[in-house]
1. Would segment 342-359 turn up any residue that is modelled with pLDDT of 80 or more, exposed (fewer than 15 other Cβ atoms within 10 Å of the Cβ) and closer than 17 Å to residue 185 by Cα?
2. Considering segment 251-274 alone, what residues qualify as being over 17 Å from residue 197 (Cα atoms), touching a Leu at 6+ places or on another chain (Cβ under 9 Å) and either part of a strand (DSSP E or B) or small (Gly, Ala, Ser) (or both)?
3. Checking residue 187 against (1) more than 20 Å from the chain's Cα centre (by Cα); (2) not in a helix (DSSP H, G or I): exactly one of these is not met. Which one?
4. For segment 273-325, how many residues meet the condition of being surrounded by fewer than 14 Cβ atoms within 10 Å (Cβ to Cβ), small (Gly, Ala, Ser) and modelled with pLDDT under 90?
5. For segment 184-196, indicate whether the set of residues that are hydroxyl-bearing (Ser, Thr, Tyr) and in contact with a strand residue (DSSP E or B) (Cβ under 9 Å, 6 or more places away or on another chain) is non-empty.
6. Please work out which residue is surrounded by the fewest Cβ atoms within 10 Å (Cβ to Cβ), limiting yourself to segment 150-178 and to residues that are of a type in the set (S, T, N, Q) and either within 14 Å of the chain's Cα centre (by Cα) or farther than 23 Å from residue 192 by Cβ (or both).
7. Checking the structure you have, find out if any residue of segment 192-213 is part of a helix (DSSP H, G or I) and either within 20 Å of residue 339 (Cβ to Cβ) or not assigned by TED's automatic domain parsing to the domain that holds residue 339 (or both).
8. Restricting attention to segment 311-338, which residues are under 32 Å from the mean Cα position of the chain (by Cα) and closer than 17 Å to residue 193 by Cβ?
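The values are calculated or read from the model by the stated rules, or taken from the named source; none is laboratory data. On a predicted model such as this, the values are computed, not experimentally measured, just so you know. No Cβ is skipped: glycine too gets one built from the backbone with ideal geometry, and neighbour counts run over all protein chains shown.
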Amino acid sequence: MCYRLMQTLTTLLAFSAGAALVALMLQDAFEVMLLPRRVRRHWRLMGIFFHFAWALWSGIGRQIKPRSERERFLSLFGPISLVGLFSIWAIGLVAGFGLLYWSLERHLPSYYDLGSYFYMSGTTLVTLGYGDFTPHAGITKAIAVAEAATGFALLAVVIGYLPVLYQLFSRREAHVMQLDGRAGSPPTAGALLGRHASNQALHKLDDLLLDWEKWCAELVESHLSYPMLSFYRSQHANQNWLAALAAITDCCVIVMVGLKDVPAFQAKMTFAMARLAMIELCLVFHLSPVANPEDRIGHREFQALNADITAAGLAWTDPSIAEGKVAEFDATYAPFLHALANFLIIDLPSVAPGSENGNRLDNWQQSVRGRSAKGLVEQARGGADPSR
């Protein structure tokens, strides 16, 4: 009597565990690949996986001292973690369906051992169908058909999912790379404004900020739906998406504080969207704003910025309040920016290139005869580059 009761309890536990595993894997796969909105539930399989995987990976990465080697190591996490997530789904489904088969056929005289049911589940999920192990009960045959359909559907969704993911990554990076010539490497707001001003192109600034307002909106939409995109590193360590977001936000702040003959409306709109992107990404990764972040725009940085924009022919509308206003604006978004930078191990640029970076070449100039190309481009522009 006691033995039969134990058998019944074991069967119920195995069936419950199998059903829960299958439901958990399918729910997580649906939310990651098909649900086009942020899931607000705190505990998710994907979130737990990326939390611990990134903690381990980034912990190793922080110990790597050469910057180039560290970036190369960290850049592997995005694609490897995605393969790991797919593997967890597959293993979870194989184990879940295997437990279902075993729990439903334990009462039959010809049932297999648990390992054989796991093997049968694996071959069924990937639709190999060797036939050396087959279900006997009617309900397990129906479950086998459902598992085969699940495996086929999961494979189809994954194949369709990867191009979408890489398309979103490419669209993000295309805008980042365009800042190379406009804002330098790394991008800075001082270089961006200075290069436009010295080349009589301030009328193009609104169009640029409008494009970046759209970029920030796409960043929010894509990175909330697919948070793993945040772990995909840019091609150049000094020209990454978070640094670009910081430079564009800094540029908007400078324009809003007040530059003569530079309209501020588009800067206001882009600043609002850029700050929203920072806040939403911090919420995705459950990051708290850095309480007392290191000043990105302190007195020294402001003086470097002031020198650059003055050299480009720009002037503050009210120089007496400019530094204080810039610092006030910086305090509204720097805590979120630093939280993301610390979490993702990304260096943030300063607000201006500064004199110490005067001879540094942009990425597009980093080649044989790069300085010659730079000089010819500056002559064609008809003005000196403020980044010198």
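1. Yes, the conditions are met somewhere in segment 342-359.
2. Once the filter is applied, which keeps residues that are over 17 Å from residue 197 (Cα atoms), touching a Leu at 6+ places or on another chain (Cβ under 9 Å) and either part of a strand (DSSP E or B) or small (Gly, Ala, Ser) (or both), segment 251-274 yields only 274.
3. Checking residue 187 against (1) more than 20 Å from the chain's Cα centre (by Cα); (2) not in a helix (DSSP H, G or I), the one that fails is (1).
4. Looking only at that region, the number is 1.
5. Scanning segment 184-196, I find at least one residue that is hydroxyl-bearing (Ser, Thr, Tyr) and in contact with a strand residue (DSSP E or B) (Cβ under 9 Å, 6 or more places away or on another chain), so the answer is yes.
6. Top of the filtered list is 170.
7. There is no residue in segment 192-213 that is part of a helix (DSSP H, G or I) and either within 20 Å of residue 339 (Cβ to Cβ) or not assigned by TED's automatic domain parsing to the domain that holds residue 339 (or both).
8. Correct list: 325, 326, 329, 330.
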